1. Provide, in order from the shortest bin, the percent of all Cα-Cα pairs of segment 279-434 in each 10 Å bin, continuing until the bin that contains the maximum pair distance.
2. Projected onto the charge dipole of the chain (+1 at Lys/Arg Cβ, -1 at Asp/Glu Cβ, origin at the Cα centre), which of Val82, Ile281, Val169 gives the Cα projection farthest towards the positive end?
3. Can you list the HN-Hα couplings for segment 355-362, worked out from phi with the Karplus curve (6.51, -1.76, 1.60; θ = phi - 60°), rounded to whole Hz and with x for Gly and Pro?
4. Could you please state, rounded to a whole Å, how far the C-alpha centre of segment 447-495 is from the C-alpha centre of segment 296-311?
5. If you restrict to DSSP beta bridges whose two residues both lie in the chain, what percentage is antiparallel, to the nearest 5?
6. Mind checking the dipole of the chain: about its Cα centre, +1 per Lys or Arg Cβ, -1 per Asp or Glu Cβ, Debye to the nearest 20?
7. In whole Hz, with x marking every Gly and Pro, tabulate ³J(HN,Hα) for segment 286-291 from phi via Karplus 6.51 cos²θ - 1.76 cosθ + 1.60, θ = phi - 60°.
8. Separation of segment 344-378 and segment 159-206 by C-alpha centroid, Å?
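Please treat every number below as a calculation from the coordinates, not as lab data. The structure displayed is predicted, hence computed values, not measured ones. All Cβ positions, glycine included, derive from the backbone under ideal geometry; neighbour counts span all protein chains shown.
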Amino acid sequence: MIDLTQHAKYLIDPVARHALTIGATSEDENLENRLKPGPWSLKGDFEILDSYEGVEIISSTEISRPVYNVILPGLDSRDWEVIRTVKEKLVKNPDFDFFHVNMLDLDKEDFSREIRQLVAESWSDVSEDKIRLYEDALKKSVFGYGILEYLLRDDLLEEIMVLGGKRCVYVFHRKHGMCSTNISFDNDSEVVDIITKMASEVGRKIDFLNPLLDARLKDGSRVNATIQPVTPRGATLTIRKFSADPLTIVDLIKTGTMPVDFAAKLWIAVDGFGVKPANIIVSGGTSSGKTTTLNAIATFIPEGDRVISIEDTLELQLDHHDHHIQMETRPQMADSLGKVDMNDCLINTLRMRPDRILVGEVRGHEAETLFTAMNTGHDGCMGTLHANDSKETITRLTNAPMSVPMIMLPALDLIIIQSRFKHPKKGYIRRIVEVSEVAGMEVGKVLLNKTYSYNVISDRLIDTGTPSRLSQVISKKTGFTGQQIQREIEKRAHVLEWLARSDRRSMSDVNAAIVQYNRDSEGFMEKVYTSEDLT
């Protein structure tokens, strides 16, 4: 066991110190007082945009972005002195391995019993409510990531961004976008300590010789960290939070990311009536929602298919598929051995008899392996790629480092372009802005048919009327006429509309509807038409 007495400052100071910098809880104080003293000085007119569970989202005429104001539970200076003393005793207790136990592994009953005993040894007049507050503060600081735990608990946050030093922490909120917070660190060493703790928990190392960290925490969140000398101004930390309740195809319809008619066509493209599932690439810029869309449309994969997903950091959530295997790459270890890259995983996947191959992000020489699979009968491959439009997607695929031979590209059926941008009336939104089908080759060039295009004025994804090559292929393989395929699209759109209207938006709800529809479409449509509940 590692003696952490030397780390007492890290284990003791952060939460107690931030009790002074985070807004107080008194309802009698005005808004300006609740925000002081913090890492800034607020002036101008204030407005509370949102308020929930110890958080206020505040706007000011003097600030360009909202402020995410964390409100700590009511603890006075004497309470923090008790917490500090108890923590010092905990650090010296050999029964608690602080360095290797995090909040997910913590035995809460043992921890609670130990806290109560230590408090009772020196203070007999502490109320039960106060003891519970002590336990919460101690758990966050000792076993968790200190003050960042107050951000990690909020499921409405997508990302947490620490800039290092004394600069304020930023967050990206699902509803309010980028927000500054009333949280900061006193010095860079505190940030480095948290990064080091994260690295240790996942069996990684970050130091002067290895100043970069890209890893997955035990709760599934993705963490990227840098320290000096790579970032000379100080350590940085970006946490992309794992959502236990991922966005589904119904959420994407309700938020306007895609229209219901296109979602229904995607349903058919993904399952392919069991004879020709489409090979699909979802392209877009950083934080455009590519992985979210890939995860949502993967729900359309039939329940019996064997699905293998490959990612650098696990983000795809396909727990509803019983036959799903997750593979995760591994970076090179300190001994220069042990590296397992995306291409290694993909080559191995081809030996595992997959029905579906999902690649979290295509960006290197694994692209050629993926297209080789598409060209040798592995239909239904899907992945994401960084590109801003369909033509750029083709350009990136055919040039280094991907270097996919042009002759292989017609195996790709569908390119979906997703973007995050500032709408003139709606603020920052995520939208599918372009859909193209690969229509073949002509004079050494890939032919693209743009089937959908986004109109910013109407905020709609509009069908261009271009004949669908994919529909023609499906028609040829199934014997269905164009009218029959269109009727099937309308039925599935009706199902998705019904799910949205009745707020059946969870992954389990959506999956149950798709499974039941695939098993007995006519019987399920009767339930939809009569608005009966799913069984």
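1. Histogramming segment 279-434 at 10 Å steps yields 11, 39, 35, 13, 2, 0 percent.
2. Of the options given, the answer is Ile281.
3. 3J(HN,Hα) across segment 355-362, in whole Hz: 8, 9, 10, 10, 10, x, 8, 8.
4. Computed from Cα coordinates, the inter-centre distance equals 22 Å.
5. 70
6. Values: 65 positive and 80 negative charges, 370 e Å.
The dipole magnitude comes to about 1780 debye.
7. Those phi angles translate into 4, 6, 7, x, 4, 5 Hz.
8. Using only Cα atoms to place each centre, the spacing works out to 35 Å.
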